[in-house]
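Visitor: Just passing along the structure, written as structure tokens.
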Amino acid sequence: QVQFVESGGGLVQPGGSLRLSCAASGQIFRFYPLAWYRQAPGKQRELVAFITNLGTTMYVDSVKGRFTISRDDAKNTMYLQMNSLEPEDTAVYFCNVRPADDNYWGQGAQVSVSS
């Protein structure tokens, strides 16, 4: 059974940085594109960035130049380095395959950006 576990969230001031980690169980990790999603209060969950199994990356416009997605298949772990954080980045961040599979949602990691 596949399970994703997100970690690394927290409270940070505007302009600060955080690094999220996504640990995955099972063999799914190295065969699928993986993605970070986020859900802000009162809003639908949205795609933030994804990375293919060959390392190709894509970012939504609002995080381009600020966020970096990466993966380490040997460790079954994916990362999201978030720099220059803005209050609008406040959300619960989730990892999943791309496209997302509803069976794989974890608890997410809360990221709060506030002064």
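The values are calculated or read from the model by the stated rules, or taken from the named source; none is laboratory data. What you are looking at is a predicted structure, and each value in this text was computed from that prediction instead of being measured. Positions of Cβ are generated from backbone atoms using ideal geometry, with glycine treated the same way; all protein chains shown enter the neighbour counts. The protein model used for the area step is the full one, side chains on, heavy atoms only, and it has no ligands, DNA or RNA in it. Shrake-Rupley method; radii C 1.70, N 1.55, O 1.52, S 1.80 Å.
Visitor: On the protein heavy atoms, probe 1.4 angstrom, tell me the percent of accessible surface of the chain carried by carbon and sulfur.
Guide: 47 percent
Visitor: Count neighbours as other Cβ atoms within 10 Å of each site's Cβ, and list the trypsin sites (Lys or Arg not before Pro) in the stretch 36-115 that are DSSP loop with at most 13 such neighbours.
Guide: On the way: sites: ARG38, LYS43, ARG45, LYS64, ARG66, ARG71, LYS75; in loops: LYS43, ARG45, LYS64, ARG66.
Sites meeting the loop and neighbour criteria: LYS43, LYS64.
Visitor: Right, here's the next one. Provide the gained length on full extension for the span ASP61 to GLN3, in nm with one decimal, where the gain is 0.36 nm per separating residue minus the Cα-Cα distance.
Guide: Using 0.36 nm per residue and subtracting the Cα-Cα distance, I get 18.0 nm.
Visitor: Return one whole number: the accessible area per residue of the chain in Å², for a 1.4 Å probe.
Guide: 54 Å²
Visitor: If you take every residue apart from THR90 with its C-beta less than 15 Å away from the C-beta of THR90, what net charge results, scoring Lys and Arg +1 and Asp and Glu -1?
Guide: After counting each charged neighbour, the total is 0.
Visitor: Continuing with the same structure: Along the charge dipole of the chain, pointing to its positive end and built from +1/-1 on Cβ of Lys, Arg, Asp and Glu, which listed residue (GLN44, ALA24, GLY9) has its Cα farthest out?
Guide: Value: ALA24.
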